[in-house]
1. Quick one: net charge of residue 118's neighbours, Cβ under 9 Å, K/R +1, D/E -1?
2. Please work out the Cα center distance from the stretch 100-127 to the stretch 42-78, rounded to the nearest Å.
3. Hey, any idea what Rg/Rh is for the stretch 49-194, computing Rh the Kirkwood way over Cα pairs?
4. If neighbour count is taken as other Cβ atoms inside 10 Å, put 40, 99 in order from fewest to most.
5. Can you tally the net charge around residue 199? Count Lys and Arg as +1, Asp and Glu as -1, for every other residue whose Cβ sits under 11 Å from the Cβ of residue 199.
6. Among the lysines in the stretch 49-194, how many pairs, 8 or more places apart or on different chains, have alpha carbons under 15 Å apart?
7. In whole Å and largest first, what semi-axes does the C-alpha gyration tensor of the stretch 116-181 yield when each eigenvalue is scaled by 5 and square-rooted?
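Throughout, read-outs are computed from the coordinates displayed, never taken from laboratory work. Here the structure is a predicted model, which means the values were calculated and not measured. Neighbour counts are summed over all protein chains in view; Cβ atoms, including those assigned to glycine, are modelled from backbone coordinates with ideal geometry.
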Amino acid sequence: MKLKNHFLLLLALPMMMSCGSGGEGAGSAPAVVDTVGVVYDNIMTRRSVRKYKPQPVERAKMDSVVMCGLNAPNGQNRQAYEVRIVDDPEFINGVTKVYAEANPEAAAAPDFKTMFRNAPTVVFIAADTSYDMSAIDCGLLGGNMVLAAWSMGIGSCCLGSPTRFMLENPAAKPYLDKLGFSDGYKLLYVIGFGYPDETPAAKPRRTDMVRYVD
């Protein structure tokens, strides 16, 4: 997908507080004090969404979401990842049909429509298998994306099951091939995006695994 140049638009959007605008205009006051609470609230209120409204996310908004992802920190600025965005129902429904044939019990669930938790827009992220830090960079990329999306009212969910299925089931290979990842890149994970049709409650977070070392 060819990203449009939304830099000027991004500077004007509140969601840029989630990915950083990088500069201030002449004479303007520092924005850190005013925005830190907004950034914190965006992180703390974001939830994984598994029920979506049917309409796909507008491509202009997805361009902005992906641009925030591409501005995530990454090792040696190698940008060792590839991203594919799919909002084509034919692709989503086609690979879902293959999944349903292999997993009839999962497909029999009353709310099952697609293998991507019914998300109408799906992002596939591939890692560079020649670079041992690429998976970390892919995680940072996706983290920026889901937070940027949330600030725009767009829900998301990182998906492991569709990833494993597409990598392991030969019948899904035509769809994996259609994503067109370069040689040496392997699908690492999938993120579903869409407008939420639920308001998930926060789940408890452990803190016992965190400590300062003096």
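1. Values: positive: 50, 51, 113, 117; negative: 111, 197.
Once positives and negatives cancel, what remains is +2.
2. 19
3. Values: Rg = 14.9 Å, Rh = 15.5 Å.
Using only Cα positions, Rg/Rh for the stretch 49-194 is 0.96.
4. Values: 40 10, 99 23.
With the fewest neighbours first, 40, 99 line up as 40, 99.
5. Numbers: positive: 47, 51; negative: 197, 198.
Within the 11 Å Cβ shell, the charges total 0.
6. On the way: 51/113; 53/113; 97/113; 97/173; 173/186; 178/186.
Qualifying lysine pairs in the stretch 49-194: 6.
7. On the way: eigenvalues 96, 63, 17 Å².
Gyration-tensor ellipsoid for the stretch 116-181: 22, 18, 9 Å.
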